[in-house]
Amino acid sequence: MSDMKLRVGVIGTGWWAELEHLPGLRSRADVELVALCGRSPGRLAALADRFEVPGRHLDWRELLARQRLDVVVIVTPNLLHHPIALAALDAGAHVICEKPLALDAAQARELAAHAEAMGRQTLTFFTHRALAAAAQVKRLVEAGFLGRPLRVDARYFSASHLQPGKPAAWRMRRAEAGTGALGDIGSHLIDLVQWWLGDVARVTGHWQTAYRERPGGPADADDACAFLAELKCGAQGAFQASKLAAGRANFQRIELQGEKGSLVYEAAPGLDATWEGRLWAGRVDRPGLEVVALDADLTAGLDTADNLAGRTAAYRRLTDPLVAAIRGGPRCRPDFGDGAAVQAVLDAVAVSCDRGAWVEVD
């Protein structure tokens, strides 16, 4: 296995597979993209031709039955993550799955436990861990820069649902997505904060569906969600995820405040000049925020004005740990266990929004 290319199949032919996973996989010299699955014959053929994928399937069950794969990449609507991932693990494959990992924490934990039992490596695809500024925050927090964490303020804004004439899609329906903006972009905030500071203990939230009737049908998932949180480390937090922010596009900002200092992370991946992100630090002995110089090993490959090159470098950085783990290295992170930990918070926020009360994260 160490000298052979990993045989990879991708299930899903939506815009994110085209923008992120297919070019990202093609950029890796250590993998062979051998199969692609999608529901639309025309779309499937066009993408398979473009990315030179020989195996083409209209049903994911057929792909898993006919292809001998080392890795399966799942880029489908959320309700399909659980059944496909289980089947892929049973077929002996390692699995990369888009976030959120499942429709609820029970499904996500089942996937994590099954992967562990099967001895398979997994990756929950939280893209923003690959950004240099996010990794720099991790280093500084572990080095004690914050001291005792006190507060978190986390925001992720876009304008993608602001138009009432935007057609209904699966991300706008809870039965197919689980939650809306909360799970789609809020999950990134939760993952980063839990990566940096540890698990969320309890939450209370509210959400908003601005346009419940859209061309093509009703939409019952949240367009925006906000929640307060208490972390197990003792810090308090305020989280906002909104697709109703005019002028914003993939914008995220997280401020961490501690007894010794503060850190402010900011990025708009894919829209910024590079894939590095930005970071500022505040210190208790002087006013104002100072720009933090990012470590060279963290910016390597991401510090380019070539957007495609930066994206593929970020893709390799996120998938490198999976490939290394498959070849006998340490456990890949973020794995399905991390995805399940985020899903537990999403579940608690959803229950809180429906009940209007504080809810413990199970």
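FYI, it's all coordinate maths here, none of it is from the lab. The model shown is predicted, which means the values in this text are computed figures rather than measured ones. Neighbour counts run over all protein chains shown; Cβ positions are idealised from the backbone, glycine included.
Debye calculation, C-alpha points only, no solvent: report log10 I(q)/I(0) for the range 100-244 at q = 0.11, 0.17, 0.21 Å⁻¹, in the same order as the q values.
Debye output, listed in q order: -0.50, -1.06, -1.31.
In a Gaussian network model over the chain where Cα atoms closer than 10 Å are linked, find which of GLY42, GLY261, GLY92 has the largest mean-square fluctuation.
In the Gaussian network model the winner is GLY42.
So how compact is the range 41-137: Cα radius of gyration and Dmax in angstrom?
Reported Rg and Dmax, both Å: 14.9, 44.
Can you work out the Karplus-derived ³J(HN,Hα) for every residue in the range 341-348? Use 6.51 cos²θ - 1.76 cosθ + 1.60 with θ = phi - 60°, whole Hz, and x for glycine or proline.
Values per residue, Gly and Pro as x: 5, 5, 4, 4, 5, 4, 4, 5 Hz.
List the lysines whose Cα lies under 20 Å from the Cα of LYS232, skipping any in the same chain that are fewer than 8 positions away.
Within reach: LYS138, LYS260.
Gap in Å between the Cα centre of the range 207-263 and the Cα centre of the range 280-332?
Cα centroid to Cα centroid, the span is 23 Å.
Using each residue's phi in the range 167-172, evaluate 6.51 cos²θ - 1.76 cosθ + 1.60 at θ = phi - 60° and report the 3J(HN,Hα) Karplus result to the nearest Hz, with x for Gly and Pro.
In residue order, the calculated couplings are x, 5, 9, 4, 5, 9 Hz.
So if each residue of separation counts as 0.36 nm, and I subtract the Cα-Cα distance between ASP320 and ASP295, what length gain in nm does that give? Before the final figure, lay out the partial values.
Details: separation 25, 0.36 × 25 = 9.00 nm, distance 1.88 nm.
Taking 0.36 nm per residue and subtracting the Cα distance, the gain is 7.1 nm.
Normalised by the number of residues in the chain, what is the relative contact order in percent for Cα pairs under 8 Å and 6+ residues apart?
Contact order relative to length: 19 percent.
Could you compute the FRET efficiency for LEU308 and GLN163, with r as their C-beta to C-beta distance and R0 at 35 Å, rounded to 0.05? Before the final figure, lay out the partial values.
Details: r = 28 Å, r/R0 = 0.79.
Calculated transfer efficiency: 0.80.
Find the all-direction average of the projected area of the Cα convex hull for the range 111-193, expressing the result in square nanometres with one decimal place.
Taking a quarter of the hull surface, the average projection is 8.5 nm².
How far is the Cα center of the range 344-362 from the Cα center of the range 96-150, in Å?
First find each Cα centre; the distance between them is then 20 Å.
Share of antiparallel DSSP beta bridges in the chain, in percent to the nearest 5?
Close to 60 percent.
List the lysines whose Cα lies under 17 Å from the Cα of LYS166, skipping any in the same chain that are fewer than 8 positions away.
Of all the lysines, those that pass the test against LYS166 - Cα under 17 Å, at least 8 places apart if same chain - are LYS243.
Hey, what do the phi angles of the range 260-268 turn into as Karplus ³J(HN,Hα) couplings, whole Hz, using 6.51/-1.76/1.60 and θ = phi - 60°, x for Gly and Pro?
The phi angles translate into 9, x, 9, 10, 10, 9, 8, 6, 9 Hz.
Taking the mean number of other Cβ atoms within 10 Å as a proxy for protection, how do you rank 82-88, 122-128, 57-63 from highest to lowest?
In descending order of packing, they fall as 122-128, 82-88, 57-63.
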